[in-house]
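This is the structure, below, for whatever I ask next.
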Amino acid sequence: MVFPVLALCLALSGGSTDGSDVTVQLDTAEFSLLFRLPFGSHTRMFLQEVTKACVVNERNGLGDSPENIVIQKCSLFKPVAQSALLVPSTGLDPATRDPEFQWLSRYRCAPPQEAGSPTLRDWNSAPGTWPACGTIGGGRYPSHKKRWGLEQVLPQGAGSVLFRGGAKAQTNFRLAEVARGGVAEWGRHARGGRRYEELEEAGREMSAAAGSRERDSAGGSNFNNSRLNEKGLLVDQSSGGQDKPESLLPRQNKSKSEITDMVRSSTITVSNKAHMLSMQKFGLRDTIVKSHLIQKEEDYTYVQNFRFFVGTYNVNGQSPKECLRPWLSHGIQAPDVYCVGFQELDLSKEAFFFHDTPKEEEWFKAVSEGLHPDAKYAKVKLIRLVGIMLLLYVKQEHAAYISEVEAETVGTGIMGRMGNKGGVAIRFQLHNTSICVVNSHLAAHTEEYERRNQDYKDICSRMQFCQVDPSLPPLTINKHDVILWLGDLNYRIEELDVEKVKKLIEEKAFQTLYAYDQLKIQVAAKTVFEGFTEGELTFQPTYKYDTGSDDWDTSEKCRAPAWCDRVLWKGKNINQLSYQSHMALKTSDHKPVSSVFDIGVRVINEELYRKTLEEIVRSLDKMENANIPSVCLSKREFCFQNVKYMQLQVESFTIHNGQVPCQFEFINKPGENSFCKQWLSANPSKGFLLPDSDIEIELELFVNKTTATKLNSGEDKIEDILVLHLEGGKDYFLSVSGNYLPSCFGSPIHTLCYMREPILDLPLETVSELTLMPVQTEDDGSRLEKPMEIPKELWMMVDYLYRNAIQQEDLFQQPGLRSEFEHIRDCLDTGMIDNLSASNHSVAEALLLFLESLPEPVICYSAYHNCLECSGNYTASKQVISTLPTFHKNVFNYLMAFLQELLKNSAKNHLDENILASVFGSLLLRNPAQHQKPEITEKKKAQEFIHQFLCNPL
């Protein structure tokens, strides 16, 4: 059914303060329809489908009959809410050219462009021809200025919408300038000329929970997600159709609603983007065109310099107490892009365990007020992980050329996930160049350089950004044209005592001192930041000062000065203009650091792009359907020997393509939900190959807490068959085999109590039988050997910590080394405890990983809700513990006794009941619905439950 529609209005939902929804209003002769849609490409798709229906009606002879016009010609606009984005109506009279609309200009009011202006190219709507520029619903290959059916041109004036031919419709909306910090936001302009500035607090816009995956996409094009290597292969593809799809169009001006989304909101997540309309699957033709476009990128782009400001500041848990302009804007030209990172934003236990902090809003406001006063800036994204925060701003005039914005976090703290250390990153496209900005806070203390190296590697391997097409593999940090890495990297000065370091600083012998810098030494050894560059250090070390002064640390620890705060980069066409510290700021025990760059960004020449695309399509037409694709595999059988718990093994093979472009993908076997078992992955799992090109595929095998128990019991084996499918070709079968070495990690408590011998000394049949025993099993005297009261492996770790780490500072908060964990695991599984040689932190982390790996937690799943209900009632809580199976009850009491011993030494180890209750609460007391993340209230109740046993006699 087609409704007569008088007006169409697209507006940011008035019921949403974060700009995450879009409201579309359709006013008809009989009624008014209001659609609430997710912001983004799906809504643009919806509008495109509406306009396609208009074209169908016209071609079916319905013309512009009053009863059949979908969008009637008129200049009527109905604002649904403040911050409205207005879409002009379009006529269907064949004699009238479709209107080209104009987004509202924020800061200037220029006269409308006259009809026939060179920038308003002629419209060609003939089916099957190439239009000189795109409009809604017309032509076979739309202009790359079009995205999802919406045409955009350069801004012409505030308070007006410009139509093709120069016609102009007045509106009662404009963008208001916000004086504070120069950050642009939407405002309302009344007919009488009064302006009402929005007074929303910026804090509401940002993430309330650190570590959450924010995906605040600033655009829809997926053009530059893929890169060809020197052999001509394309691994990551974007969605599109069989003809040249819109996803092939280069990035261009975006709607002001998208820009507003960047300015006002940092809370849009994937769940906000409902899949109302199915996305097109990428096709082989589309992929071939993309790959050729990437190969020929230099033919239709040119390099233009953009000024980047990169700043890092460890604020030591302080609130802002001074203006940040000496750091952010004094003595420099207004940058085009600001990348501002903080560490130790909040050092409170609440921020660490529950992720919320008011400091986020405080520092966001301070930065916004400190940006360069000579320009207007839009906030693109904010991402935070506990105390690590990264902010990205761009100049107002560049906001329309920012797209594909994604933000991610990686915690590298205790157990490899806590957010007291780690990194946050924002990736985006600026014109045709992909950029990734990383802010990291690596492990502390002079002797922990290996841990810092491991943190860096973990961030690189685990930081993955989802692509617009969810079926595509994620992007990693290194898959970007430009990488900017900033933060408190914590590398220190080694081999020199404190006084010698200070003497060299007084003499300004920075290059002599730099020779002893750990980061310089580690980069030279190629253990970290391979391929990165850092500018010359011409400023004195930025750590550690007495807060509020320029004096070196006079505390009891008297830390040696060090260049902890650094900025590095990787990529082409990058020129560093300055690299300095800012002594004027005294809020923290660190000094902020800044670096200014000119970065060459690839910008598309529209005419050259069109010609290149036409040539590719013509060439493709000639070779299409020539042959069936076929490939050669260098290897089809893979054997993983002696697989161990949490120890990665990798096997690789090469796919060599024949003479036909082909698209490959590992596909699910019949009746299975995944193409491989949980312990296996293939990287990449899909991709595209040009003729006579190669690609290496890595098969990674990694056993963790999810898969270890069934491998221990024999319910699962290291055996699998992978099916490699060629689009339009045949399937290839790959066999995977191997053996798993059983481990105490992933074994049930009662199973380990019955294992008086090390697990690797027992026959596999015995290990399987004991692992499959029910959890309630009690000793009935039928077994040859009496079970132990607690697992010997647990006793070994706790006894080691009791003897060596009872006074260890930051125990259960500072992570250990992965290599040492593997050594600890092997000692436990072989019983060679006398050979155990590891740091206290590594043993403590191994203990936590052991508890996490238990398939049934210490407090059984069946008692979970009872424990939460009686938290705060110690008598009732003890009663719940008394009902646990004997082995579980013994382990709980043993751990509580050990933690109480630790607390007796709190003056030395700085532990308290709250820290230990928070760390152990989530391990001993786990939600039975393991796929659900516990609510904060549940986490607090679990913490309170454990807290009782730490403060009261057992």
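For the condition basic (Lys, Arg) and crowded, with 20+ Cβ neighbours inside 10 Å, what is the one hit in Arg825, Arg818?
Testing whether each residue is basic (Lys, Arg) and crowded, with 20+ Cβ neighbours inside 10 Å leaves just Arg825.
Which of the residues spanning segment 549-595 are open to solvent by 10 Å² or more (accessible area, probe 1.4 Å) and part of a strand (DSSP E or B)?
Within segment 549-595, Trp552, Trp569, Lys570, Gly571, Ile574, Asn575, Gln576, Leu577, Ser578, Tyr579, Gln580, Ser581 qualify.
Residue-wise test of (1) without any contact (Cβ under 8 Å) to a residue 40 or more places away in the chain; (2) under 30 Å from the mean Cα position of the chain (by Cα).
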position	(1), (2)
Ile695	no, yes
Asn704	no, yes
Thr707	yes, yes
Leu724	no, yes
Ser735	no, no
Gly738	no, no
Ser743	no, no
Tyr754	yes, no
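Determine if segment 375-392 includes at least one residue that is touching a strand residue (DSSP E or B) at 6+ places or on another chain (Cβ under 9 Å), within 30 Å of Ile604 (Cβ to Cβ), buried (at least 24 other Cβ atoms within 10 Å of the Cβ) and among the small types (Gly, Ala, Ser).
yes
Oh, and also: Against the condition out of contact with any Cys (no Cβ under 8 Å at 6 or more places or on another chain) and buried (at least 16 other Cβ atoms within 10 Å of the Cβ), how does Val775 come out, does it pass?
In short, no.
On to the next question. Just to verify a result, which residue in segment 516-548, among those that are of a type in the set (D, E, K, R) and open to solvent by 20 Å² or more (accessible area, probe 1.4 Å), is farthest from Ile483 (Cα to Cα)?
Asp546
Continuing with this model, one more query. Tell me which residues, restricted to segment 447-493, are within 20 Å of Pro561 (Cα to Cα) and surrounded by fewer than 19 Cβ atoms within 10 Å (Cβ to Cβ).
If the condition is that a residue be within 20 Å of Pro561 (Cα to Cα) and surrounded by fewer than 19 Cβ atoms within 10 Å (Cβ to Cβ), then Glu447, Glu450 are the ones that fit.
Another question, then. Just for segment 901-925: of the residues that are assigned to a loop (DSSP other than H, G, I, E, B) and touching a helix residue (DSSP H, G or I) at 6+ places or on another chain (Cβ under 7 Å), which one is farthest from Cys867 (Cα to Cα)?
Looking at the filtered set, the residue picked out is Leu911.
Here is a follow-up. Could you tell me which of the residues Ile936, Ile915 is of a type in the set (A, V, I, L, M, F, W, C) and farther than 27 Å from Met796 by Cα?
Ile936
Taking segment 339-356, which residues are at pLDDT 85 or above and open to solvent by less than 30 Å² (accessible area, probe 1.4 Å)?
Hits for segment 339-356 are Cys339, Val340, Gly341, Phe342, Gln343, Leu345, Asp346.
Looking only at segment 653-684, filter to residues that are polar (S, T, N, Q) and exposed (fewer than 14 other Cβ atoms within 10 Å of the Cβ); which one of those is farthest from Asp458 (Cα to Cα)?
Gln659
Kindly evaluate Gly781 against the criterion of being small (Gly, Ala, Ser), open to solvent by less than 30 Å² (accessible area, probe 1.4 Å), at pLDDT below 90 and not in a strand (DSSP E or B).
no
For the list (1) open to solvent by 10 Å² or more (accessible area, probe 1.4 Å); (2) modelled with pLDDT of 50 or more, I need the number of the one condition that Tyr300 fails.
Condition (1) is where Tyr300 drops out.
Among the residues of segment 458-478, are any out of contact with any strand residue (DSSP E or B) (no Cβ under 9 Å at 6 or more places or on another chain) and assigned to a helix (DSSP H, G or I)?
No, there is no match, as no residue in segment 458-478 is out of contact with any strand residue (DSSP E or B) (no Cβ under 9 Å at 6 or more places or on another chain) and assigned to a helix (DSSP H, G or I).
Inspect segment 926-935 for any residue being in a helix (DSSP H, G or I) and open to solvent by 10 Å² or more (accessible area, probe 1.4 Å) and give the result as yes or no.
No, that holds for no residue.
Hey, another quick one. Out of segment 303-338, which residues are among the charged types (D, E, K, R), surrounded by fewer than 16 Cβ atoms within 10 Å (Cβ to Cβ) and either part of a strand (DSSP E or B) or on the phi > 0 side of the Ramachandran plot (or both)?
none
I've got another one for you. If you check Glu727 against the conditions, is it farther than 22 Å from Leu828 by Cβ and open to solvent by 10 Å² or more (accessible area, probe 1.4 Å)?
yes
Considering segment 887-924 alone, what residues qualify as being under 29 Å from the mean Cα position of the chain (by Cα) and open to solvent by less than 10 Å² (accessible area, probe 1.4 Å)?
Those that are under 29 Å from the mean Cα position of the chain (by Cα) and open to solvent by less than 10 Å² (accessible area, probe 1.4 Å): Ile915, Val919, Phe920, Gly921, Leu923.
To continue, here is another question. For segment 635-690, enumerate the residues that are charged (D, E, K, R) and outside any loop (DSSP other than H, G, I, E, B).
Of everything in segment 635-690, those that are charged (D, E, K, R) and outside any loop (DSSP other than H, G, I, E, B) turn out to be Glu637, Glu651, Glu665, Lys686.
The values are calculated or read from the model by the stated rules, or taken from the named source; none is laboratory data. Note that this is a predicted model, so its numbers are computed, not measured. Glycine gets a Cβ as well: all are built from the backbone with ideal geometry, and neighbour counts include every protein chain shown. Accessible surface areas use protein heavy atoms only, side chains included; no ligands, DNA or RNA. Shrake-Rupley method; radii C 1.70, N 1.55, O 1.52, S 1.80 Å.
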